[in-house]
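Written below as structure tokens is the structure these notes are about.
No lab work stands behind these numbers, since they all come straight from the coordinates. Predicted, not measured: the structure shown is a model, and the values here were computed from it. Cβ atoms come from the backbone with ideal geometry, glycine included; neighbour counts cover every protein chain shown.
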Amino acid sequence: MTIPRRSWRGAGALVAAAVVGLTGGVISAGPAVAHTPTWAVTCSEVTVDLTNYTSDVPNTVTVSVDGKDLLPTETFGREFHKKLALPDHDKPVTVRLVVKDADGDGKHSIDQTKTAEVCEEEEPTPPPSEPAPSETPSTGTPEPSATPSGEPSESAPAAPAPSPSSPDLAETGSSSTTPVIGGAAVAVLLAGGGILWAVRKRRTAQN
């Protein structure tokens, strides 16, 4: 029995339509089952990445730290990306992430907690030590010594007294003995005159 060519063509079209329909169904179903909630917590921040959610429904996300809102409830569509800084803390704190999937029965909703440890303080790096400056001779003008006072220093040696045995200074035309010699000569002259006068008077008296 021979099958007409038209029948073959019709069968091929049906197979192709079935393949396209199946592929389209897989593609359209993909995003609905590919919800990807990812989040990470460090000592200083929280990172939240939510992808492949249904875009036309009001999905919500909330982040809290020890019961206090760090991110109040926020609505998102297909994707949500956020990086949040943690408040300063001196002891470990509990971070809670709540994601509500509004598509269908909400089976992709999550409610998870993680612990944020205390950040270790980094020790400050000491500055590099500076090499000691080499001692070089000073080229500047030396500072003058203290101004000498008008009075001689008590520690200055006294001027030596002239020695009695030292030779006399050279005469300069006069001497300290000249008045003495002159006075002696006058006395001799006066004495001689007196003696001469006395002798004459005696002779006169005898005659």
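Stretch V57-T115 to full length: gain in nm at 0.36 nm per residue minus the Cα-Cα span? Write down the numbers at each step before the final one.
Working: separation 58, 0.36 × 58 = 20.88 nm, distance 3.07 nm.
Fully extending the segment from V57 to T115 adds 17.8 nm.
By the scheme Lys and Arg +1, Asp and Glu -1, what is the net charge of all other residues having a beta-carbon under 9 Å from that of V61? Don't skip to the end; give the middle numbers.
On the way: positive: K82, K100; negative: E74.
Around V61, the surrounding residues sum to +1.
Past the 20 Å Cα-Cα mark, which pairs from K83/K114; K68/K107; K83/K107?
Details: K83/K114 15 Å; K68/K107 26 Å; K83/K107 25 Å.
Too far apart for the 20 Å limit: K68/K107; K83/K107.
Spin-label point model (7 Å from Cα, Cβ direction): what's the D90 to T125 distance in nm?
The two pseudo-label positions are separated by 2.9 nm.
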